[in-house]
Every structure is written in structure tokens, then in C-alpha cells.
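The values are calculated or read from the model by the stated rules, or taken from the named source; none is laboratory data. Just so it is clear, the structure is predicted and the values come from calculations on it, not from any experiment. Positions of Cβ are generated from backbone atoms using ideal geometry, with glycine treated the same way; all protein chains shown enter the neighbour counts. Surface areas here come from the heavy atoms of the whole protein model, side chains and all, with no ligands, DNA or RNA. Shrake-Rupley method; radii C 1.70, N 1.55, O 1.52, S 1.80 Å.
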Amino acid sequence: MKYIFFFTLSPVQSFIAQARKTQDLYAGSRILSELAKVAALAAVKDERIKLVFPQNTEGGNSFSNRFIGITEIDDETKLQTIGQDVEDTVIAKFKEFATNALDKVKISTFDDFDEQINKHLDINWLFQPIDTEGGYQEAYKAGGALLASLKNTRFITNSINPEAGRKCSLDGERNALFRGQNTTNNQLKNQAKEIDGNEIGIWLKPNEGLSAVSLLKRTYREENKKEFSSTVEVALSHQIKQLKKDKDTENFYQCYEQLFSEDYRKACSNLVLKEYWHKLIAEDPNPNDDWAKEFDHEFLFEENLTEQKITNSIQLSIARAIQKRLKSALTDKYYAIIAFDGDKMGQLLSGETRKDKTSNSAEFQGKVSTLLMKFSKWIYDTLDKKQIDVVYTGGDDFLGFVNLHNLFEVVKTLRLEFDKQVNQALKDDLEDDKPFTFSMGIAIAHYKTPLSIVLQTARDMEKLAKKKENGGDRDAFAIATLKHSGENHQAYFKWYLENEQLPKWNALQKLVDYFKNDCSETFLRSLDRELYYLQNGKGYIQNIEKPVKYIDKKTNKEAEKQMFMIETELFRLVTKSLEDNKKYKAKEVTDTVCKFFSHDETHGTQVENGLEAVKISLFIKRQTRKEKSQNDGN
């Protein structure tokens with residue numbers, strides 16, 4: 001008898017999301033990926049198990065936290081040994097990470113540390129027999145259901161030392177066991193061990209405390225790789241590239257980076273800043289004293305050049321002088337997080353969406369796995385570090401950071417390539433009305449907005465895109481803006497992918513261009529004000545009387561009175577907002593905006609979602625225009 005081996009590693013989302021820096025986020029993803037990979041390698045050792053999903057341990061840089069395989073070993077004792085061996089391998093690898101972290105901070109292990117490490121991982125696995133009657137497909141469904149129930153079972157154990165005290169700054173649930181040298185909080189000083197973050201090269205803010213698990217993330221580094229881009233670095237990446245195209249500004253930028261290093265004198269001499277050069281010669285500051293030796297992209301903004309962040313007065317004076325020369329070229333403060341997830345993955349792998357539900361399900365799962373791993377590798381090879389900073393991608397799921405200037409092109413590329421590389425390759429296997437799609441959540445935020453909030457918003461948008469109540473069954477995107485002023489906007493639309501076109505997404509991009517080059521925003525304020533009191537609590541303009549139809553003379557098609565009313569008024573307002581030499585574009589702009597409104601006879605005309613989309617377009621325009629005020633927080 002054959003068996004299917006199911007393996008899953010938890011926690012995933014919470015472990016990755018518990019982060020204050022993008023590097024924490026990335027480190028959490030990489031640690032989980034490496035743990036899952038060693039589990040898969042242990043499973044296939046000596047050909048005990050053959051992987052089905054994913055097909056192998058190679059491919060992209062990310063490895064899924066769950067996998068399935070098949071074995072022909074028909075001995076329960078041996079199967080138990082294999083499963084336990086896989087689990088023990090993962091635990092040993094995790095403890096290796098823990099040992100390495102302690103070695104870096106030069107501290108010996110202790111009871112509280114060991115307890116937090118030992119309690120962290122939740123590993124579940126099982127073997128499901130493949131009956132000759134139901135075959136692989138039924139065994140897969142039964143095993144999946146059992147695994148889900150197993151994951152929902154939680155065992156409560158008493159702690160050696162109850163978790164009472166100052167909590168970790170990253171996860172907020174475990175006691176803080178480590179702190180930096182500059183800690184002033186007495187509670188944290190009494191309960192946590194001191195470590196020198198500067199000496200070991202890890203980032204620790206004043207009064208920040210780390211649990212054992214968070215220390216693993218903070219000390220994690222990949223060989224020959226720099227730290228993951230910070231939010232401010234992502235926000236500025238486009239302008240920095242533009243700045244480096246000019247030799248003069250590039251020289252200033254390079255010297256500014258060099259100012260925060262051991263070669264600070266060279267930076268000053270290159271810039272020929274004589275007044276500061278003489279001060280350096282006269283006072284000869286010791287770079288090992290209070291001279292900041294690590295460049296932070298936040299120093300490119302004037303508000304961050306403070307005595308608290310740069311304690312050496314000479315260095316601060318030089319930094320302010322150089323920043324003034326770069327100030328006008330570096331103004332972008334917003335970035336985007338993109339998260340997407342494959343739609344109805346469970347139904348796809350179980351064969352419910354296939355044309356031939358009797359054919360080999362394991363072979364089909366292998367085909368899906370191969371396509372997703374190729375797509376994942378394509379993302380790393382084509383987009384990672386060029387247009388987007390990838391946290392992880394398994395093919396059917398993705399998380400990454402993108403600069404606002406690249407947002408439209410990156411999203412379009414991801415959606416079209418997924419359809420081309422995965423869905424179209426599976427087209428002959430799937431029912432015609434059940435393609436393989438994905439839903440995406442996008443959050444746009446200021447670089448100072450707490451990362452946990454931005455990440456949660458992106459996840460919320462992903463869930464919103466998958467909700468059936470929104471007029472569709474997944475295959476959609478939802479986008480939100482988190483303004484630094486506190487005002488937020490969000491909108492939801494189906495992709496409606498056809499002939500390599502994304503009509504709603506393209507309309508957003510077109511509207512941004514119209515705002516940049518053709519029309520003012522006055523028409524939006526007027527339309528928003530006029531439609532505000534006509535809406536009900538759900539953003540619809542309801543039909544008070546029986547809907548009146550009319551024949552549109554231009555299209556000769558029947559149309560609805562409410563939409564005609566909105567379109568007519570919108571055309572008038574847009575025309576007023578255009579300059580005389582561009583009024584011919586009024587119809588183009590009106591048609592673009594109207595793509596965001598929808599109507600049905602039951603509820604009426606939905607305008608709130610459309611107005612939110614227009615406001616998001618206007619916001620993106622403001623944040624990507626060539627020249628902005630340094631204090632533009634809206």
C-alpha cells in the first residue's frame with residue numbers, strides 16, 4: 001500500500017509579520033524557508049519519500065512551509081520513524097539558528113532562552129493510506145482534512161517561568177531577554193541581558209527588547225548579501241537612480257554615504273567643504289567615539305538630522321550641509337507592499353476544477369508545482385532587486401516591496417505573467433469557467449508608518465479581494481493608501497483580464513497620468529461633494545423609483561438613468577478642470593473615471609468605491625510628481 005506524507009510548519013504569517021524593520025520581515029521568511037527545506041531534504045533522504053508538491057527542493061529562493069509526498073513503505077513503525085526523523089531535523093536546524101545567534105551576541109544559553117526556542121515551532125505531519133478504491137485524490141482530501149484538524153488542536157503546557165514582565169518589541173508576546181547598551185528603562189534593564197549591537201552589527205533602538213525568537217531574526221544574515229532594503233530606501237530608490245545619472249549629484253550622494261563610515265575625512269575633502277575640513281583637522285574627532293559609522297537612508301530627509309540621531313556636532317553640521325544640496329532631488333516618502341495568493345488552491349490541487357477528474361491527481365499536482373516554481377524563479381531572476389524587493393515568493397503566494405514609480409508596471413507584469421506562465425499552461429487541464437487566478441492586496445504607506453500596520457493592511461486588502469460579497473469570486477485586487485496625515489482610502493476591483501489587458505488597473509494608471517499632465521483635481525472635489533448626500537450607508541445611489549432606461553445616441557445602446565446623470569455631470573466638471581488647449585480630452589477622462597462606477601438594478605449605482613479609486617489615483621500622482629514639498633505628508 002502507498003501512503004501520502006503531509007508536512008506543515010507553523011507559525012508562518014505571525015512569525016514573518018512580527019517585525020519592526022524590513023530586515024526582520026525578510027529574516028523571518030528566510031528562516032522558515034530554510035527550516036521547511038531541511039524537512040523536505042530529510043523526507044527524500046534515501047528515496048524514502050518522493051516529493052509531489054513541490055516537485056523538488058530546487059527552484060526559487062523560497063521554499064513553502066508545507067509539502068506532500070508519496071512513499072511505498074508499508075510499515076507503520078518505519079513510517080513513524082521517518083516522520084519523527086523529519087520533525088527532529090527541523091528542530092535541530094532551528095536550535096542551530098539559536099546557537100548561532102547566542103554566539104554572535106557572546107552569551108551562553110540559559111533556561112528562559114531555551115524555553116522560548118523549544119516552545120516556538122508547531123510541526124504537524126501524518127501519513128494517509130491510498131486505498132485502491134478512492135485512489136490518490138480521495139486520500140489527498142482525507143489527509144488534508146485530518147491535517148487541518150490537527151493544526152487546530154493546541155496543547156497547553158505550563159511554563160518553567162511564567163511570561164510576566166516587559167515584552168519583546170517585535171512579537172509583543174514573549175518576555176524580552178536581550179537589550180542594548182543604551183537602555184534607560186529600569187524594568188528592561190533588570191530582566192534582559194545587555195548586548196552590544198554596534199559591535200556585533202545588529203540594529204537595536206533605545207529601550208528595545210528582544211525575545212529569543214526575535215534575536216534569531218535580528219542576527220540572521222545571508223552570506224555575500226547586504227541587508228534587505230529599508231522602507232525609506234524603497235521609497236527613494238527611483239529618485240536615487242535618477243540622481244546618480246548626474247555626475248555632480250552622484251558625487252555628493254556618494255560622499256554623503258561615506259560621511260557615515262571610517263573614511264569620513266575623505267568624504268569632506270572630496271566635497272571641498274573647507275569650513276568643516278578645518279574643524280576636523282583642529283578637533284580630530286575619534287571615529288570610534290561618537291561618530292556615526294552606519295549610513296541610514298533616513299538621513300536623506302532633513303527632519304531626521306537631529307542631535308539624538310547624530311550625536312557628533314561636526315558630523316551633524318556636515319550632514320545638514322550636504323543634505324541641503326540633495327534636498328530637491330530626494331522627496332519621495334511613500335512606498336507600496338504587494339501581497340498576492342493563488343485563488344482556490346485547495347480545489348485546484350484536489351482536482352475539483354479539472355476537466356478530467358479521474359486522471360492521475362499526483363501527476364497533475366506535480367505539473368502545477370513545476371509551473372509555480374518556474375514562475376517563482378522568474379520573479380527572482382527578472383524583478384527582484386531590479387523593480388521590486390521580494391520578501392518571499394512560492395509561485396502562488398508573494399510578498400514584496402515596490403517603489404511607487406514602478407507600482408503600475410510591476411503589478412501589471414506579475415498578473416499577466418502569472419496568467420501566461422501558469423494559467424495558460426494549465427488551460428487544457430482546467431474547466432473553461434475555472435481558470436487559475438490570484439487575488440492581490442496592495443498597501444501604500446509613508447516610510448515612517450509602523451511596518452506591522454502596513455503589512456496587516458496589505459493582508460486585509462488581499463482578504464478583501466477574495467471576498468465573494470464584493471461582486472465576484474476572487475480574481476481581483478484591492479488597494480489602500482495610508483496617509484501620514486491619518487486619512488485612508490481603499491478600493492476593490494476585479495481584474496477582468498482579457499487580451500493581455502487589465503481595464504480597471506489600466507484606468508487607475510491612466511487617471512494618474514491625466515492628473516499629472518492634463519487636468520486639476522477640482523472635478524473630484526466637486527463630484528465627491530455632490531454625490532455624498534445621495535449615497536446610502538453602503539456607497540450606493542439607490543433607485544427611489546423604477547429605473548428609467550434611455551438610448552445612448554453615441555452607442556445606440558440602452559443605458560441606465562443614474563449612470564447617465566453621473567456621466568453627464570462628470571463631463572461638465574472635467575471640462576471645467578481642463579485648460580483651454582486640452583478640453584478635447586474631457587471625454588477620455590470622463591470615460592476613464594466611469595470605469596470605476598458600477599450599476600445593478602437591485603442596489604443601484606455604486607459610487608463610493610469608484611470615488612475612492614479616483615482619490616487613490618490623485619494621491620499616487622501627488623507622491624510621484626517630479627517636484628514636491630519636503631513637508632508634503634498628504
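5 Å is the cut-off here: which amide hydrogens, built 1.01 Å from N in the peptide plane, fall below it relative to VAL52, excluding neighbours closer than 5 in sequence?
Here ILE68, GLY69, ILE70 satisfy the definition.
Can you give the net charge of the other residues whose Cβ lies under 12 Å from the Cβ of ILE337, counting K and R as +1 and D and E as -1?
Numbers: positive: ARG459; negative: ASP389, ASP460, GLU462.
Net charge in that neighbourhood comes out at -2.
Please list log₁₀ I(q)/I(0) at q = 0.11, 0.19, 0.26 Å⁻¹ for the stretch 177-244, using the Debye equation with identical point scatterers on the alpha-carbon positions.
-0.38, -0.81, -1.11
Calculate how many DSSP beta bridges within the stretch 309-401 are antiparallel, expressed in % of all such bridges and rounded to the nearest 5.
90
Compare the Cα positions of THR590, LEU383, HIS446 along the charge dipole of the chain (+1 at Cβ of Lys, Arg; -1 at Cβ of Asp, Glu; about the Cα centre) and return the one farthest towards the positive end.
Looking along the dipole axis, the top candidate is THR590.
Taking only protein heavy atoms and a 1.4 Å probe, what accessible area per residue, in Å², does the chain have with all protein chains in place?
Details: 30690 Å² over 634 residues.
Spelled out: the 1.4 Å probe surface of the chain, per residue, equals 48 Å².
Please enumerate, by chain and number, the lysines with C-alpha under 18 Å from the C-alpha of LYS466, excluding those fewer than 8 residues away in the same chain.
LYS344, LYS434, LYS494, LYS504
In bins 5 Å wide, starting from 0, what share of all Cα pairs of the stretch 363-431 does each bin hold, as a percent?
Spelled out per bin, shortest first, that is 4, 17, 28, 24, 14, 8, 5, 1, 0.
Let me check the size of the stretch 87-131 from its C-alpha atoms; what are the radius of gyration and Dmax in Å?
Radius of gyration, then largest Cα-Cα span, for the stretch 87-131: 14.8, 54 Å.
Rounded to the nearest 0.05, what FRET efficiency is calculated for MET1 and ASP88 with R0 set to 22 Å and r the Cβ-Cβ distance?
The formula returns an efficiency of 0.30 here.
With N residues in the stretch 420-517, what two-decimal value do you get for its Cα radius of gyration over 2.2 N^0.38 Å?
That ratio works out to 1.26.
Could the peptides 133-139, 24-30 be put in order, highest first, of the mean number of other beta-carbon atoms found within 10 Å of their residues?
Listed from highest to lowest mean packing, they are 24-30, 133-139.
Whole-Å semi-axes of the chain's equivalent ellipsoid, largest first, each the root of 5 times a Cα gyration tensor eigenvalue?
Details: eigenvalues 362, 342, 87 Å².
Whole-Å semi-axes of the equivalent ellipsoid: 43, 41, 21.
Roughly how many debye, to the nearest 20, is the charge dipole of the chain about its Cα centre, given +1 on each Lys and Arg Cβ, -1 on each Asp and Glu Cβ, and no other charges?
Details: 93 positive and 98 negative charges, 378 e Å.
The calculation lands at about 1820 debye.
Provide the FRET efficiency to the nearest 0.05 for the ASN581-LYS327 pair, computing r from the beta carbons and using R0 = 41 Å.
Between ASN581 and LYS327 the formula returns 0.75.
Taking a quarter of the surface of the convex hull around the Cα atoms of the stretch 391-442, what do you get in nm²?
Mean orientational projected area (the stretch 391-442, Cα hull): 4.0 nm².
If I compute solvent accessible area with a 1.4 Å probe over the protein chains, what percent of it on the stretch 340-455 is carbon and sulfur? Provide the component values of the computation, followed by the final result.
Working: 1960 of 4080 Å².
Carbon and sulfur atoms account for 48 percent of the accessible area of the stretch 340-455.
Divide by every residue of the chain the summed helix terms, -39500 (n - 2.57) for each DSSP H run of at least 4, and state the resulting mean residue ellipticity at 222 nm, rounded to the nearest 500 deg cm²/dmol.
Taking each H run of at least 4 residues, the total per residue is -14500 deg cm²/dmol.
Please compute the alpha carbon radius of gyration of the stretch 39-86, then divide it by the globular-protein estimate 2.2 N^0.38 Å. Two decimals is fine.
On the way: Rg = 11.1 Å, N = 48, 2.2 N^0.38 = 9.6 Å.
Taking N as the residue count of the stretch 39-86, the ratio is 1.16.
What ranking do 593-599, 397-403, 447-453 get when scored by the average of other Cβ atoms within 10 Å per residue, highest first?
Descending packing order for the listed peptides: 397-403, 593-599, 447-453.
Cβ neighbours within 10 Å, averaged per peptide: list 384-396, 351-363 in order, most packed at the top.
Output ranking for 384-396, 351-363: 384-396, 351-363.
Run the dipole for the stretch 51-157 about the Cα centre, Lys and Arg Cβ at +1, Asp and Glu Cβ at -1, nothing else charged, and hand back the magnitude in debye, nearest 20. Before the final figure, lay out the partial values.
On the way: 10 positive and 18 negative charges, 109 e Å.
Dipole magnitude for the stretch 51-157 comes out near 520 debye.
Tell me, what is the percent relative contact order of the stretch 353-424, built from C-alpha pairs under 8 Å that lie six or more residues apart?
26
What percent do you get for the relative contact order of the chain when only Cα pairs under 8 Å and 6+ apart count? Provide the component values of the computation, followed by the final result.
Values: 995 pairs, mean separation 74.1, N = 634.
Rounded, it is 12 percent for the chain.
Of all the Cα-Cα pairs you can form in the stretch 83-199, what percent are over 26 Å apart?
Above the 26 Å cut-off, the stretch 83-199 has 41 percent of its Cα pairs.
Set Lys and Arg Cβ to +1 and Asp and Glu Cβ to -1, take the dipole of the chain about its Cα centre, and tell me which of SER14, LEU508, ILE49 lies farthest positive.
Farthest towards the positive end: LEU508.
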